[in-house]
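J.: Mind having a look at this structure? Questions to follow.
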Amino acid sequence: MHNVDVEAVEQTAARGREDEASLRMPVQLSGDWHPEGGPQFRATIPYPQGEVELAVDFPPPMGGTGAAPNPLAYCFFGGLACYAMSFATEAARDGVEVRALHATVRTEVDQSRALGLSDRPPVERIEWELEVDADASAATIERLKAQADDHCPGAYCLRNPIALETRVLQAEERP
């Protein structure tokens with residue numbers, strides 16, 4: 001239904017009820033710094049039907065050339081896409097046909113922390129807005145929103161602290 005394979009989602013949920021380990025998906029991504037001009041960082045990201053190269057560059061005020069989206073743009077886009085797709089999936093699972101879904105993210109980034117000028121958070125608030133075209137009551141749309149709010153991995157990651165471990169290895173130490 002509207003580009004969501006509901007049968008696949010339901011089969012995955014059924015497998016997960018039988019074997020919770022089947023729901024865990026390991027992720028490992030890596031990329032490289034490019035010191036010779038152009039976008040500063042690049043990575044090839046695999047997905048089930050291929051791979052895509054992503055390029056990232058800081059905007060000029062932060063030392064880049066602006067030759068590619070900045071890292072936070074990918075973060076904001078990823079979260080928004082996750083939320084929109086979660087809403088569409090919840091609608092499909094509930095039998096609600098979505099004719100169109102337009103998503104917008106709004107925020108403001110304070111660069112002062114990145115420059116070592118303050119301890120303020122770089123982002124204090126993120127707004128995700130969906131405009132939905134569907135034959136559904138306001139109550140149904142609100143219920144689907146609540147389900148997307150609760151089930152969206154991107155929303156969960158933003159609302160809950162996630163343990164972050166960092167390390168820097170000398171090149172000869174790289175595993």
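Every residue, every condition in (1) of a type in the set (Gly, Ala, Ser); (2) without any contact (Cβ under 8 Å) to a residue 60 or more places away in the chain; (3) in a helix (DSSP H, G or I); (4) closer than 23 Å to Ala43 by Cβ, yes or no:
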site: Ala88; (1), (2), (3), (4): yes, no, yes, no
site: Val123; (1), (2), (3), (4): no, yes, no, yes
site: Trp128; (1), (2), (3), (4): no, yes, no, no
site: Asp133; (1), (2), (3), (4): no, yes, no, no
site: Ala146; (1), (2), (3), (4): yes, yes, yes, no
site: Ile162; (1), (2), (3), (4): no, yes, no, yes
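J.: From the set of residues in the stretch 28-54 that are assigned to a loop (DSSP other than H, G, I, E, B) and in contact with an Asp or Glu (Cβ under 7 Å, 6 or more places away or on another chain), which is surrounded by the fewest Cβ atoms within 10 Å (Cβ to Cβ)?
T.: Selected residue: Pro39.
J.: Among the residues of the stretch 132-167, how many are among the charged types (D, E, K, R), surrounded by fewer than 10 Cβ atoms within 10 Å (Cβ to Cβ) and within 22 Å of the chain's Cα centre (by Cα)?
T.: Residues meeting the conditions: 2.
J.: Output the number of the condition that Met25 fails; it satisfies all remaining conditions of (1) open to solvent by less than 100 Å² (accessible area, probe 1.4 Å); (2) out of contact with any Ser or Thr (no Cβ under 8 Å at 6 or more places or on another chain); (3) at pLDDT below 95.
T.: So the condition that Met25 fails would be (1).
J.: Yes or no: Arg17 open to solvent by 100 Å² or more (accessible area, probe 1.4 Å) and over 22 Å from Pro153 (Cα atoms)?
T.: The answer is no for Arg17.
J.: List the number of the failed condition for Ala92; all other conditions in (1) outside any loop (DSSP other than H, G, I, E, B); (2) farther than 23 Å from Leu54 by Cβ; (3) open to solvent by 30 Å² or more (accessible area, probe 1.4 Å) hold.
T.: (3)
J.: Further question on the same structure: Out of all the residues in the stretch 55-64, is one or more closer than 30 Å to Val6 by Cβ and open to solvent by 50 Å² or more (accessible area, probe 1.4 Å)?
T.: Among the residues of the stretch 55-64, not one is closer than 30 Å to Val6 by Cβ and open to solvent by 50 Å² or more (accessible area, probe 1.4 Å), which makes the answer no.
J.: Would you check if Ala100 is modelled with pLDDT of 95 or more and either open to solvent by 80 Å² or more (accessible area, probe 1.4 Å) or outside any strand (DSSP E or B) (or both)? Even if it seems obvious, please write down each step before you answer.
T.: Numbers: modelled with pLDDT of 95 or more: yes; either open to solvent by 80 Å² or more (accessible area, probe 1.4 Å) or outside any strand (DSSP E or B) (or both): no.
Against the criterion (modelled with pLDDT of 95 or more and either open to solvent by 80 Å² or more (accessible area, probe 1.4 Å) or outside any strand (DSSP E or B) (or both)), Ala100 does not qualify.
J.: Now a separate question. With respect to Leu72, determine if the residue is in contact (Cβ under 8 Å) with a residue 12 or more places away in the chain, under 25 Å from Arg113 (Cα atoms) and either loosely packed, with under 14 Cβ neighbours inside 10 Å or among the aliphatic types (A, V, I, L, M) (or both).
T.: yes
The values are calculated or read from the model by the stated rules, or taken from the named source; none is laboratory data. The model shown is predicted, which means the values in this text are computed figures rather than measured ones. Positions of Cβ are generated from backbone atoms using ideal geometry, with glycine treated the same way; all protein chains shown enter the neighbour counts. Ligands, DNA and RNA are excluded from the accessible area calculation, which covers all protein heavy atoms including side chains. Shrake-Rupley method; radii C 1.70, N 1.55, O 1.52, S 1.80 Å.
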